[in-house]
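**Student:** What follows is a single structure, and I will ask about it in a moment.
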Amino acid sequence: MERIIGYLEENYLPQARWWPWKGTKRSLELLGHSGDGEITILLFRSNNLVFHLPLARVTEVPANLKTRGFCIGNECYVEAEYLPKYIESLSKIEGITVEYLQETSELTEVLHAEPLTLESTNTVALYETKSGSRLVLKSYRLIPMVNMEALMLRRLAEEKYRHIPEILAFIRYRDTVTGVVSRFVRGVGDGGYPFYKSLLKSLSGEGSCLRIGLASKLGIIISGLHRALNSERGDFFGAEPISDGDVEKWRARLERMYSSSLKRLDELVSSERDNVGNEAAYWRDMLEKTRGIVEDAASMLDEYVGLMKARTHQDLHLAQMIYVESPAEDFIITDFEGEPGRSIDERLWKEPPIRDLASMIRSFHYLSHAAIMSRAGRSQGEVSKVMISNDPSAAWRLTHVKAMVYSYLMDVDPRLLGVERNTLLTGFRRLLYPWIVERAIYETYYESLYRPSWVSIPIAGLFEAYRVYRGGGAL
């Protein structure tokens, strides 16, 4: 075991897709391991983070798993979830339990396994069974102190919420949820696909191509999600009144992300790559110009005192959904891990449910950028400048956003928000505005860290937020 741990530290982990410290060696503390001779489950800690890594002994690393396997001399290993025998072998490993949410023998009848994606920070494998069914295993590499996704999927399954994959089982190692098995959802694309096609047609001048009914359906789906997550009051689920302290911590986070975004853009301005530095300098100045917008939004959070906070999705956007075209158009939400970049405490926060709606509004703004970029063959920054000055997608986008928002407001239980329905329908812009700004600032910080060329998109969104939701725009 020492030999494997040493190889992981020195060679494998620094290049692993899921390792948080890319290209960096970190020492490991082995917390436990169990196995059956062919598969070994490792649990180890590094920098106070706990990781879960199942390894399977193989004669050679398959070609499609070169980035998920390694050899130490004549001994070769792959991340075990990608092999057909994985789940069946778990019953032989001490400390492992498979908790079935419904009776099925499919998990022990896997004939074929392959990666569903290798771009995720978790392991996601697609299984084909003897009966012809297809299953998905999502196996967590980084083990959170509180597995929000497992808790939320369990609650939604118990509430029979229809817009998640069918959950078959949870896998546990020493009482910690390490994986979720669900039924495969056959979709056409992500949740943005039908809207992206619609907007491209609109930009091409192909006449009326609105998907208002589909946008309205999104509002109903989000309302149902909030209802299912908060049907009972408790420490993790359920709605409760918003305090002055809640508003203060939300405001502090917003101001911290804004300051951090400016600091990160300053670093990019100093980049040795002139094209990166010049572009960053322009958008750093534009972000500075939004200071008044951010301060205005921060002050408006005071209006939430006495309203309700609840368990929300926290990172809801169109790419978190699968678009199902038949037998009827629908959306399935696939990811409930929360907003990347949050601290453990921040992920556990309850927030106003309307924040999920604000995140979806921001998602439509991202989609509009992508469509205009495709249509015009221009960069993110160039398109962002167009969208600030004369956005060709504005009417299309706001029509769909309006349909989604109004259907949500008409379907949601007002008690979940702490606002009477009539007040909701007349004052929703003031309620949405600070959270659209908050989400755009989070996106700015995230993009500045991981995709600097995309940072213009949420900055452009700040100007739209003020124009539409604070300045008497067309919504």
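**Student:** At pLDDT below 95, in a helix (DSSP H, G or I) and assigned by TED's automatic domain parsing to the domain that holds Asp246: does that describe Leu424? Spell out how you get there, then give the answer.
**Tutor:** Working: at pLDDT below 95: yes; in a helix (DSSP H, G or I): yes; assigned by TED's automatic domain parsing to the domain that holds Asp246: yes.
Against the criterion (at pLDDT below 95, in a helix (DSSP H, G or I) and assigned by TED's automatic domain parsing to the domain that holds Asp246), Leu424 qualifies.
**Student:** Right, here's the next one. Could you say which residue among Leu214, Leu225, Leu218, Leu200 is aliphatic (A, V, I, L, M) and either over 22 Å from the mean Cα position of the chain (by Cα) or not in a helix (DSSP H, G or I) (or both)? Spell out the reasoning first.
**Tutor:** On the way: Leu214 fails: either over 22 Å from the mean Cα position of the chain (by Cα) or not in a helix (DSSP H, G or I) (or both); Leu225 fails: either over 22 Å from the mean Cα position of the chain (by Cα) or not in a helix (DSSP H, G or I) (or both); Leu218 fails: either over 22 Å from the mean Cα position of the chain (by Cα) or not in a helix (DSSP H, G or I) (or both).
Exactly one residue qualifies, and that residue is Leu200.
**Student:** Which of the residues belonging to the stretch 172-197 are crowded, with 20+ Cβ neighbours inside 10 Å, over 18 Å from Asn122 (Cβ atoms) and more than 18 Å from the chain's Cα centre (by Cα)?
**Tutor:** Phe195
**Student:** I'd like to check something: does the stretch 362-379 contain any residue that is modelled with pLDDT under 95 and touching a Ser or Thr at 6+ places or on another chain (Cβ under 9 Å)?
**Tutor:** yes
**Student:** Among the residues of the stretch 385-395, write down those that are assigned to a helix (DSSP H, G or I) and either among the polar types (S, T, N, Q) or outside the structural domain of Phe336 (by TED's automatic domain parsing) (or both).
**Tutor:** As a first pass, look at the stretch 385-395 and keep what is assigned to a helix (DSSP H, G or I): 385-390, 394-395.
If the condition is that a residue be assigned to a helix (DSSP H, G or I) and either among the polar types (S, T, N, Q) or outside the structural domain of Phe336 (by TED's automatic domain parsing) (or both), then Ser389, Asn390 are the ones that fit.
**Student:** For the stretch 74-87, check the following and say yes or no: at least one residue is in the same structural domain as Val177 (by TED's automatic domain parsing), acidic (Asp, Glu) and without any contact (Cβ under 8 Å) to a residue 40 or more places away in the chain. I'd like the intermediate steps shown before the answer.
**Tutor:** Step one: filter the stretch 74-87 for residues in the same structural domain as Val177 (by TED's automatic domain parsing), giving 74-87.
Checking which are acidic (Asp, Glu) leaves us with 75, 79, 81.
Next cut, without any contact (Cβ under 8 Å) to a residue 40 or more places away in the chain only: 75.
Yes, that holds for at least one residue.
**Student:** Within the stretch 350-384, can you find the residues that are out of contact with any His (no Cβ under 7 Å at 6 or more places or on another chain) and not in a helix (DSSP H, G or I)?
**Tutor:** Result: Lys350, Glu351, Pro352, Gly377, Arg378, Ser379.
**Student:** In addition: If I ask for residues that are among the basic types (Lys, Arg) and in a helix (DSSP H, G or I), which ones from the stretch 167-197 would you list? Let's see the steps before the verdict.
**Tutor:** Taking the stretch 167-197 as the starting set, the residues that turn out to be among the basic types (Lys, Arg) are 172, 174, 183, 186, 197.
Of everything in the stretch 167-197, just one residue is among the basic types (Lys, Arg) and in a helix (DSSP H, G or I), namely Lys197.
**Student:** Kindly indicate whether any position in the stretch 404-417 is in contact (Cβ under 8 Å) with a residue 40 or more places away in the chain, part of a helix (DSSP H, G or I) and under 22 Å from Leu203 (Cα atoms).
**Tutor:** Within the stretch 404-417, one or more residues are in contact (Cβ under 8 Å) with a residue 40 or more places away in the chain, part of a helix (DSSP H, G or I) and under 22 Å from Leu203 (Cα atoms).
Here is a yes/no grid of residues against (1) part of a strand (DSSP E or B); (2) over 12 Å from Ile4 (Cα atoms); (3) free of Cβ contacts under 8 Å to residues at least 40 places away in the same chain; (4) over 27 Å from the mean Cα position of the chain (by Cα):
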site	(1), (2), (3), (4)
Gly32	yes, yes, no, yes
Leu42	yes, no, yes, no
Arg45	yes, yes, yes, no
His52	yes, yes, no, no
Glu60	no, yes, yes, yes
Thr67	no, yes, no, no
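**Student:** I need every pair where a residue in the stretch 159-180 that is in the same structural domain as Thr97 (by TED's automatic domain parsing) has its Cβ under 7 Å from the Cβ of a residue that is surrounded by fewer than 20 Cβ atoms within 10 Å (Cβ to Cβ) and of a type in the set (Lys, Arg), sequence separation at least 6 or different chains.
**Tutor:** Once the first residue is in the same structural domain as Thr97 (by TED's automatic domain parsing) and sits in the stretch 159-180, its partners that are surrounded by fewer than 20 Cβ atoms within 10 Å (Cβ to Cβ) and of a type in the set (Lys, Arg) give Pro165/Arg183; Glu166/Arg183; Leu168/Arg183; Thr178/Arg172.
**Student:** I need the full set of residues from the stretch 329-349 which are without any contact (Cβ under 8 Å) to a residue 40 or more places away in the chain and either part of a loop (DSSP other than H, G, I, E, B) or under 17 Å from His317 (Cβ atoms) (or both), in order please. I'd like the intermediate steps shown before the answer.
**Tutor:** Residues of the stretch 329-349 that are without any contact (Cβ under 8 Å) to a residue 40 or more places away in the chain, as a first pass: 342-343, 345.
Within the stretch 329-349, Arg342, Ser343 meet the criteria.
**Student:** Here's something else I'd like to know. I'd like to check which strands (runs of 3 or more DSSP E) are fully inside the stretch 96-166 and have at least 3 residues that are buried (at least 16 other Cβ atoms within 10 Å of the Cβ) and at pLDDT 95 or above. Break it down into steps so the answer makes sense when it comes.
**Tutor:** Numbers: elements: 96-100, 110-117, 123-129, 134-139.
Hits in the stretch 96-166: 110-117, 123-129, 134-139.
**Student:** Further question: Consider Leu398 carefully, then state whether it is in contact with a Pro (Cβ under 8 Å, 6 or more places away or on another chain), at pLDDT 95 or above, closer than 27 Å to Gly213 by Cα and in the same structural domain as Arg211 (by TED's automatic domain parsing). Lay out the reasoning, then the answer.
**Tutor:** Details: in contact with a Pro (Cβ under 8 Å, 6 or more places away or on another chain): no; at pLDDT 95 or above: yes; closer than 27 Å to Gly213 by Cα: yes; in the same structural domain as Arg211 (by TED's automatic domain parsing): yes.
For Leu398, the condition - in contact with a Pro (Cβ under 8 Å, 6 or more places away or on another chain), at pLDDT 95 or above, closer than 27 Å to Gly213 by Cα and in the same structural domain as Arg211 (by TED's automatic domain parsing) - is not met.
**Student:** In the stretch 274-289, is there at least one residue being closer than 15 Å to Ile436 by Cα and charged (D, E, K, R)?
**Tutor:** no
**Student:** I'm checking my understanding of the structure. Among residues of the stretch 277-334 that are of a type in the set (Lys, Arg) and within 22 Å of the chain's Cα centre (by Cα), which one is nearest to Ser223 (Cα to Cα)? I'd like the intermediate steps shown before the answer.
**Tutor:** Within the stretch 277-334, the first condition is being of a type in the set (Lys, Arg), and the residues that meet it are 284, 289, 291, 309, 311.
Restricting the remaining residues to those that are within 22 Å of the chain's Cα centre (by Cα) gives 309, 311.
Details: Lys309: 14, Arg311: 12 Å.
Among them, the one singled out is Arg311.
**Student:** Further question: Is one or more of the residues making up the stretch 4-14 surrounded by fewer than 19 Cβ atoms within 10 Å (Cβ to Cβ) and not in a helix (DSSP H, G or I)?
**Tutor:** No.
**Student:** Another one. Which of the residues spanning the stretch 200-233 are within 24 Å of Asn390 (Cβ to Cβ), basic (Lys, Arg) and without any contact (Cβ under 8 Å) to a residue 24 or more places away in the chain?
**Tutor:** Lys201
**Student:** Continuing with the same structure: What is the one condition in (1) under 29 Å from Tyr100 (Cα atoms); (2) of a type in the set (D, E, K, R); (3) touching a Gly at 6+ places or on another chain (Cβ under 9 Å) that Lys201 does not satisfy?
**Tutor:** (1)
The values are calculated or read from the model by the stated rules, or taken from the named source; none is laboratory data. The structure displayed is predicted, hence computed values, not measured ones. For neighbour counting, all protein chains shown are included, and Cβ atoms are generated from backbone atoms with ideal geometry for every residue, glycine included.
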